[in-house]
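Worksheet: the structure to be examined is printed underneath.
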Amino acid sequence: MKKTAFNELHKKYGAKLVEFAGYEMPVQYEGIIAEHKAVRNSVGVFDVSHMGEVQIHGKDAFAFVQKLTTNDVSQLFKGRVQYSSMCLPNGGIVDDLLVYHCGDYFMLVINASNIEKDIKWMKENVFGDVIIKDISDETSLLAVQGQNSMKTLQKLTDTDLSKIEYYHFEFGKVAGQDVIISRTGYTGEKICFEIYSSSDIKKSEDLWNAIFEAGKEFDIKPIGLGARDTLRLEYAFRLYGNDMDETTNPLEAGLAWITKLDCGDFNGKESILKSKQDGLKRKLIGFVIEDKMVARHGQDVYVGEQKIGHVASGAPSPMLGKNIGMAYVTTEYSKNGTEIEVDVRGRRIKAVVTKTPFVS
C-alpha cells in the first residue's frame with residue numbers, strides 16, 4: 001500500500017488505518033460521530049493526499065479541458081474552481097473532478113481510485129499542443145473544514161482568507177510553505193479550505209503540526225474517511241463508485257447543473273442530450289429511513305412487490321439522528337414524499353423520498 005506523507009502522524013494520533021484506493025488511510029480516530037460533530041461545530045482536518053492532481057499545459061489546454069469535461073470552462077478565470085465531470089461517448093461518467101484555472105495552465109483534481117484510469121482517458125483524448133502532467137505523488141492535500149477553519153488558518157498566512165470566495169483559490173503561504181489555498185471541500189461546510197502543498201514528509205508534518213497548534217483553542221481534531229462519508233452524505237454530495245459510475249449519466253445523477261448542453265461540444269454530449277429528449281428512465285433521489293437499520297450500497301428498493309431501483313449510498317446522519325441515503329429509482333417514483341421500502345438483509349424497511357441536501 002502507498003502511504004501519504006502524514007502516515008506517521010495518523011499512527012501518533014491513534015488512527016484506525018485501512019486500505020483505501022491503494023493507500024493506507026485513517027478511517028477514524030476518536031470515532032465517526034465525534035469527528036463528524038467536530039467538523040459541524042468547530043474545525044477538523046482530513047488527510048486527502050490520496051486524491052489525484054493533474055496539470056494540463058500547452059496552448060490548446062483550454063480547448064482540451066473544454067472537450068474533456070461537461071461544465072463550461074470559459075466561465076473560469078485565474079483563481080476560480082469548477083466542479084465538473086468527464087464522460088464516455090455513451091454519456092457514462094468516467095469521473096467527477098475539480099477544474100482549477102491556474103493562469104497559464106489548468107489543474108484537474110480527480111478521485112484517488114480513478115487516477116490511472118482517468119489519466120489513460122485523458123491521453124486517449126488528447127489533441128493539439130497539450131501536455132498532461134501527473135503531480136499526484138508530489139502533492140500533499142489537507143482539508144481544513146468547519147466554522148473555525150478560517151480562524152485557524154488565518155494565524156498561519158498573510159493571505160486574507162475572508163476575501164477568498166467559495167470555489168475560488170489563491171497561491172500563497174501557510175506556515176511559511178508555498179501552497180494553494182482553496183475555498184473548497186467535501187463536507188458541505190461553507191467555511192472550508194483545502195491546502196495543496198509539497199509531499200515532502202518533513203514539510204508535510206510541519207504543516208500538519210502548525211495547523212493543529214493554531215487550532216488548539218478551537219479543539220481541532222483529525223478526521224477520518226468514515227466521518228468524511230457521513231459529512232458528504234448529509235449534503236448529498238456524490239461519491240464516485242457509489243452514486244455514479246460509467247453506467248450512469250450526469251442527468252440521472254442529478255448533475256445537470258454541471259452539464260452544459262448549450263455550450264460547445266464535450267465527450268458524451270450527444271448521448272446525454274438524447275437521454276434528456278427521450279426522458280430519463282431513472283433518477284438519483286434522497287431518502288430518510290423510518291427505522292434504526294441503515295441502508296447500504298447495492299440494496300434493492302421496492303414499492304409494493306415492484307423492484308424500482310437500488311441504494312447508492314446510505315449512512316446514519318449524526319446531525320439529524322436519522323438514517324439517510326440516496327438511491328436510483330425509476331422516475332415515476334422519484335417525487336418527494338413517495339413511500340418506498342429498502343430490502344436490508346431480507347427485511348423490508350420503510351423510507352420516504354426526501355428533498356436533498358438533508359441538512360442546510
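The values are calculated or read from the model by the stated rules, or taken from the named source; none is laboratory data. All values reported here derive from a predicted model rather than from experimental measurement. We place every Cβ from the backbone using ideal geometry, glycine too, and count neighbours over all the protein chains shown.
Here are some notes:
- Any hit, the range 162-183, residues being touching a Gly at 6+ places or on another chain (Cβ under 8 Å) and in a loop (DSSP other than H, G, I, E, B): no
- Any hit, the range 159-171, residues being closer than 25 Å to Lys12 by Cβ, modelled with pLDDT of 95 or more and surrounded by fewer than 22 Cβ atoms within 10 Å (Cβ to Cβ): no
- Among the residues of the range 115-160, the ones that are assigned to a helix (DSSP H, G or I) and under 24 Å from Ala61 (Cβ atoms) come to 14 in all.
- Matching residues, the range 1-45, being without any contact (Cβ under 8 Å) to a residue 12 or more places away in the chain and either crowded, with 17+ Cβ neighbours inside 10 Å or in contact with a Leu (Cβ under 9 Å, 6 or more places away or on another chain) (or both): Lys11, Leu17
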